[in-house]
Every structure is written in structure tokens, then in C-alpha cells.
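Peer 1: Please find one structure pasted underneath; my questions will follow.
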Amino acid sequence: MNDPSGWRAALRHAWLRLRRGWRSGELLVLALALMVASAAVVSVGLFSDRVRQAIVRGSGDALGADALVQGHSPYNADFVAALRATGVRTAAVTEFASVVAPEQGEQTQLASIKAVESGYPMRGALTLSDEPYGAQRSASGVPTPGTAWIDARLWSALELKPGARLQVGSLMLTVAAVIADEPGRGGAFAEFAPELLLNAADLPATRLLGPGSRATFQLQLGGEPA
């Protein structure tokens, strides 16, 4: 059997060492060192998490979505339905180059035509103004059928005025706003071609897409991380 007196002696010795260490300040220094180390670990963890969240948000805003599916052929309804069945939101975007012209005048301008569905963009905020460098407002939805949003370069190149109408293929569209800022804008072509944004419902009426069309078909995806 263990000797109870040995345990008592050990505890008494430990207590004396503890009291002596506390009086000398050694334990206080050790406790402060542990507190500083713990605070540093927690701070680094919080900082790293904030940086990660900022990067995720920034990449989403840069894409205009949480993820993208992109190709050179339209996506069939079954594929889109399977994506939505997982709880993911989708918005289809069709982008291609075409020449546009004002209803009056002889000017023409090569533009990047972007036909978008409701829900675009999935991430970030698209801002508009009534004319270049005018007061900005957040966009509510996408262009209504029969209207288009254009960027300031296209407005200037065609010398447009509020309420102007543009010929896009076989369709005439009313310019309803100027794009001030748009998430996901980029790409080599977008850098030099001014943009025209229209409702996807108007795309067939333009008659600009057909066999061999050099169009990019994109699905913007949005949802919770899970």
C-alpha cells in the first residue's frame, strides 16, 4: 500500500514551492507569458479567418458569382435543372460581339453584347446612372425587355442622348441606363469593346446567334458554401 505520509509530504513540498515561486514573481511571469502566447494564437487565427473571408468575397465579386460554368454551347434544361436541384441558384449569360447603330445617324460601333437572365449578377452590386458620370444608383434586377443598359464608352462613341434607341441585330432597343460599375467585368475583348447589356428574353429577336456564332455561354452559380 502507498504510504499516506509520503503523499502528504509531496503535497506539502509542492505547496511550498508554489508559494515560493509566487512570492518571487516567477509564476507571475510564467502566467503572463502563457496569456500573451494564447492571445497571439487567437489573434493570428482571427486575422487569418478574416483574410480568408475577404479573399472569398473579393473573388466572388470579381467573378460576379460564387462559381462559373462556361463553354461555347448552350446548356440544356436538364443540366440546369440538376444544378438547381442541389439548391444552387443559376443565371444564364450569353456574350458575343456585334455591331450596333443608333436609330438616327450613320455611326456604328463594335460592342460586347451580353444577354442576362434574372438574378444577374449573383455576387456584387451593379450600379447605373442616367448618363455618364451622373448620380449612381443600384440596379434592381436586369434590363426590362425592349431596353438596354450600356457603358459610358458606347454612349460617347455613338454620341447618344437620354432615351436613345439602338439597333442590335434585328431588334431596336431603348437605352434605359448607363452602366457605372459591374461585377465580373473583364476579359481581353471586354477591355476594348464597350458593353451593351440586354434581357435574355430579347436575344432571339436580335437574330444574331446561329450556327457558327462565336458566343460564350455562361452559367453564374450562387448559394451557400455547403
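Peer 1: Determine the sum of side-chain charges near residue 128: Lys and Arg each +1, Asp and Glu each -1, restricted to other residues whose C-beta is under 12 angstrom from that of residue 128. Walk me through the numbers before you get to the answer.
Peer 2: Numbers: positive: 137; negative: 130, 131, 151, 181, 182.
The answer is -4.
Peer 1: Let me ask something additional. With r defined as the distance between the Cβ atoms of residue 138 and residue 213 and R0 fixed at 35 Å, what FRET efficiency is calculated, to the nearest 0.05? Let's see the in-between values first.
Peer 2: Values: r = 32 Å, r/R0 = 0.93.
For R0 = 35 Å, the calculated efficiency reads 0.60.
Peer 1: Counting Lys and Arg as +1 and Asp and Glu as -1, what is the net charge of the other residues whose Cβ lies under 15 Å from the Cβ of residue 90? Working shown, then result.
Peer 2: On the way: positive: 84, 89, 123; negative: 66, 78, 117, 224.
Here the count lands on -1.
Peer 1: Hey, any idea what % of region 106-226's accessible area is carbon plus sulfur with a 1.4 Å probe? Could you put the intermediate results ahead of the total?
Peer 2: Working: 3020 of 6030 Å².
Of the solvent-accessible surface of region 106-226, carbon and sulfur hold 50 percent.
Peer 1: Rounded, prolate or oblate for region 57-166? Axes are the square roots of the Cα gyration tensor eigenvalues, ordered a ≥ b ≥ c, and the cut-off for rounded is a/c under 1.5.
Peer 2: On the way: a/c = 2.46, a/b = 1.69, b/c = 1.46.
It is prolate, given that a/c is not under 1.5 and a/b is the larger ratio.
Peer 1: Looking at region 77-141, which GluC sites (Glu not before Pro) are in a loop (DSSP not H, G, I, E or B) and have at most 10 other Cβ atoms within 10 Å?
Peer 2: Numbers: sites: 95, 103, 106, 117; in loops: 103, 106, 117.
The qualifying sites are 106.
Peer 1: What number comes out for the charge environment of residue 197, summing +1 per Lys or Arg and -1 per Asp or Glu over other residues with Cβ under 12 Å away? Kindly include the intermediate steps, with their values, before the conclusion.
Peer 2: Numbers: positive: 114, 185; negative: 95, 117, 151, 182, 195, 202.
Taking every Cβ under 12 Å from that of residue 197, the sum is -4.
Peer 1: Would you mind working out the accessible area per residue for region 74-226, using a 1.4 Å probe, and quoting it in Å²? Please report the intermediate quantities before stating the final value.
Peer 2: On the way: 7920 Å² over 153 residues.
In whole numbers, region 74-226 has 52 Å² accessible per residue.
Peer 1: Expected output is a single nm value to one decimal: the length gained when fully extending between residue 70 and residue 226, i.e. 0.36 nm times separation in residues minus the C-alpha distance. What is it? Provide the component values of the computation, followed by the final result.
Peer 2: Values: separation 156, 0.36 × 156 = 56.16 nm, distance 2.16 nm.
That works out to 54.0 nm of additional length.
Peer 1: In whole Hz, what ³J(HN,Hα) sequence does region 198-207 give by Karplus (6.51, -1.76, 1.60; θ = phi - 60°), x for Gly and Pro?
Peer 2: Per-residue couplings from phi come out as 9, 6, 4, 5, 8, 4, x, 5, 6, 6 Hz.
Peer 1: Rounded to the nearest 0.05, what FRET efficiency do residue 29 and residue 50 have when you use their Cβ-Cβ distance and R0 = 45 Å?
Peer 2: On the way: r = 32 Å, r/R0 = 0.70.
FRET efficiency, residue 29 to residue 50: 0.90.
The values are calculated or read from the model by the stated rules, or taken from the named source; none is laboratory data. Note that the coordinates shown come from a computational prediction; the quantities given were computed from them, not determined experimentally. Note that each Cβ is placed from the backbone with ideal geometry, even for glycine, and that neighbours are counted across all protein chains shown. Heavy atoms of the whole protein, side chains included, go into the accessibility calculation; ligands, DNA and RNA do not. Shrake-Rupley method; radii C 1.70, N 1.55, O 1.52, S 1.80 Å.
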